[in-house]
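Notes follow once the structure below has been shown.
The values are calculated or read from the model by the stated rules, or taken from the named source; none is laboratory data. Every value quoted in this text rests on a predicted model; they were computed, and no experiment measured them. Ideal geometry is used to build each Cβ from the backbone, glycine not excepted, and the neighbour counts take in all protein chains shown. Note: accessible area is taken over every heavy atom of the protein model, side chains too, but ligands, DNA and RNA are not part of it. Shrake-Rupley method; radii C 1.70, N 1.55, O 1.52, S 1.80 Å.
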Amino acid sequence: AAVHIGTVSTILGSPTAVMSPPFSVGCDTGFMTVQWSIRKADQPAQYQGLVSDWSDGYGVPAETVQILGPTITTTALPTGPGGIVQDVATVTGPIASAGMDVVWNGYLRPTGSAVAVCTPATLAYTSATPTLVMTPGKYTSEEFDTPAGFLGSIDWIETVTLHGAPDVLHVGDCGAAGETSVSALPT
């Protein structure tokens with residue numbers, strides 16, 4: 001089930017250690033393994049009979065690396081009527097050198113609605129600009145003023161992409177635990 005992500009070729013004039021140039025593995029997490037090979041068909045015609053096809057083992061531990069990605073957890077900040085709401089993302093783990101962009105969306109759920117519904121019809125807030133994440137830490141969304149007179153919940157969904165690229169690294173869940181701000185009358 002492995003996916004081929006690239007091929008690097010080199011010409012050797014004598015026995016020597018060989019290091020491949022770096023290449024991008026994309027944004028997927030998991031494992032990457034390298035398999036070295038010599039193919040008779042790739043040799044110049046004058047050397048065709050001097051070499052045999054050869055490949056080292058696939059999945060050799062010394063030639064396999066684990067690709068780790070960041071972990072993103074979020075916690076919505078509570079609010080009051082007509083108050084300011086925000087969401088906070090806590091980022092841990094390795095981050096691509098280009099960084100990541102976080103965009104927050106807030107969806108209105110009126111009082112009495114038991115189920116979160118995150119659709120364009122309930123969307124009330126989208127980040128005006130993405131928050132650039134370059135290092136692990138806590139990142140807070142822009143302040144969002146709840147609509148006047150609105151009572152209920154604001155359900156948050158964060159979307160994280162590779163900075164400057166369309167690669168989606170993470171999307172939060174609609175109605176996730178801890179991802180709701182409340183706009184209610186004081187008691």
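The table below lists the values:
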quantity: Carbon/sulfur fraction of accessible area - the chain, other protein chains in place, 1.4 Å, %; calculated: 60 percent
quantity: The range 1-97 - Kirkwood radius from inverse mean 1/r over Cα pairs (Å); calculated: 18.2 Å
quantity: Per residue accessible area of the chain, 1.4 Å probe, in Å²; calculated: 63 Å²
quantity: Long-range amide H partners of ALA76 with built H, under 5 Å; calculated: VAL88, GLU179, THR180
quantity: Residue order for ILE154, ILE95 - accessible surface, 1.4 angstrom probe, largest first; calculated: ILE95, ILE154
quantity: Computed over the range 47-134, Kirkwood Rh from alpha-carbon pairs, angstrom; calculated: 18.1 Å
quantity: Rounded to whole Hz, the Karplus (6.51, -1.76, 1.60) HN-Hα couplings of the range 152-165, x for glycine and proline; calculated: x, 10, 10, 8, 9, 9, 9, 10, 10, 10, 5, 4, x, 9
quantity: Solvent accessible area, Å² - GLU179, 1.4 Å probe, full protein context; calculated: 10 Å²
quantity: Two-decimal log10 I(q)/I(0) for the chain, as the Debye equation yields it once each C-alpha is a single scatterer, q = 0.17 Å⁻¹; calculated: -1.06
quantity: Amide H within-cut-off set for PHE144, under 5 Å, with H built and near neighbours excluded; calculated: VAL85
quantity: Alpha-carbon centroid distance for the pair the range 68-97 / the range 130-187, whole angstrom; calculated: 7 Å
quantity: FRET E, pair THR10, ALA62, Förster distance 22 Å, beta-carbon r, rounded to 0.05; calculated: 0.70
quantity: TYR58, TYR47, ranked by accessible area, largest first (probe 1.4 Å); calculated: TYR58, TYR47
quantity: Relative contact order of the chain, defined on C-alpha pairs under 8 angstrom at six or more residues apart (%); calculated: 22 percent
quantity: For LEU50, solvent-accessible area (1.4 Å; no DNA, RNA or ligand), Å²; calculated: 130 Å²
quantity: The range 104-151: Rg to Rh, with Rh as the Kirkwood radius over Cα pairs; calculated: 1.05
